[in-house]
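Heads up, the thing below is written out as structure tokens.
The values are calculated or read from the model by the stated rules, or taken from the named source; none is laboratory data. A quick note: this is a predicted structure, and the numbers were derived from the prediction, not measured. With ideal geometry, Cβ positions are generated from the backbone for all residues, glycine too; neighbour counts draw on all protein chains shown.
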Amino acid sequence: MHPRNRSTDSPAPSASDDAERGSAALEFILVGLVLLVPLVYLILALGLIQGQALGAEAGARHAARAIATAADAEQARDRADRIVASIVDEYGLDPDAVTLSVACRPAGGACPRPGATLVVTLRTSVVLPLAPPVLGLDRLARIPLEATAVHKVSRFWGTQ
């Protein structure tokens with residue numbers, strides 16, 4: 001009896017084994033890209049939305065404080081305009097999409113006025129990244145943002 005050489009006695013690889021060889025790496029790369037690209041886009045979009053939401057909130061808060069501490073209505077408007085311009089530059093907001101509205105509680109009369117509660121709302125919208133302007137998709141791919149700040153106006157406002 002001859003001793004068997006195990007390395008030469010193994011069965012020959014079949015044709016199906018050759019077809020499967022090396023495909024695991026290709027599948028890993030393909031599935032990795034299919035999962036990774038949307039995840040990176042989601043992180044990018046959420047970061048952009050969060051940054052602009054922080055800008056809207058800061059703009060509303062600072063504008064409410066500046067209006068409530070102004071000496072008169074003209075100075076209040078000037079301060080609010082400068083703050084909105086500063087926030088637009090600082091946070092990269094779209095200047096055409098930013099609106100600032102001011103209201104007083106209780107309603108009625110001039111706003112701002114002594115003793116009123118000032119409600120300042122800053123509205124803007126964020127265009128999702130990589131939204132093409134084809135067929136108006138850049139207008140459709142907008143996320144609206146709104147931030148509101150409330151500040152009490154001094155009873156002695158406008159008498160300084």
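Scanning region 87-119 for residues that are within 20 Å of the chain's Cα centre (by Cα) and over 21 Å from I49 (Cβ atoms) gives no hits. Within region 98-110, residues that are touching a residue at least 12 places away in the same chain (Cβ under 8 Å) and among the charged types (D, E, K, R) reach no partner that is exposed (fewer than 12 other Cβ atoms within 10 Å of the Cβ) and not in a loop (DSSP other than H, G, I, E, B) with beta carbons closer than 6 Å at six or more positions or on different chains.
All conditions in (1) at pLDDT 85 or above; (2) in contact with a strand residue (DSSP E or B) (Cβ under 6 Å, 6 or more places away or on another chain) hold for V37, with the sole exception of (2).
Rundown of residues vs (1) modelled with pLDDT under 95; (2) of a type in the set (F, W, Y); (3) not in a loop (DSSP other than H, G, I, E, B), yes/no style:
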site: A56; (1), (2), (3): no, no, yes
site: R77; (1), (2), (3): yes, no, yes
site: D94; (1), (2), (3): yes, no, no
site: R113; (1), (2), (3): yes, no, no
site: L118; (1), (2), (3): yes, no, yes
site: L130; (1), (2), (3): yes, no, no
site: R139; (1), (2), (3): yes, no, yes
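Scan V98, V34 and give me the residue that is β-branched (V, I, T) and loosely packed, with under 14 Cβ neighbours inside 10 Å. When all the criteria are applied, what remains is V34. Considering (1) farther than 30 Å from L46 by Cβ; (2) of a type outside the set (V, I, T); (3) surrounded by 14 or more Cβ atoms within 10 Å (Cβ to Cβ), the lone condition that L128 does not fulfil carries the number (1). Of A85, A149, all but one fail to be of a type in the set (G, A, S), out of contact with any strand residue (DSSP E or B) (no Cβ under 8 Å at 6 or more places or on another chain) and either on the phi > 0 side of the Ramachandran plot or at pLDDT 90 or above (or both); the exception is A85.
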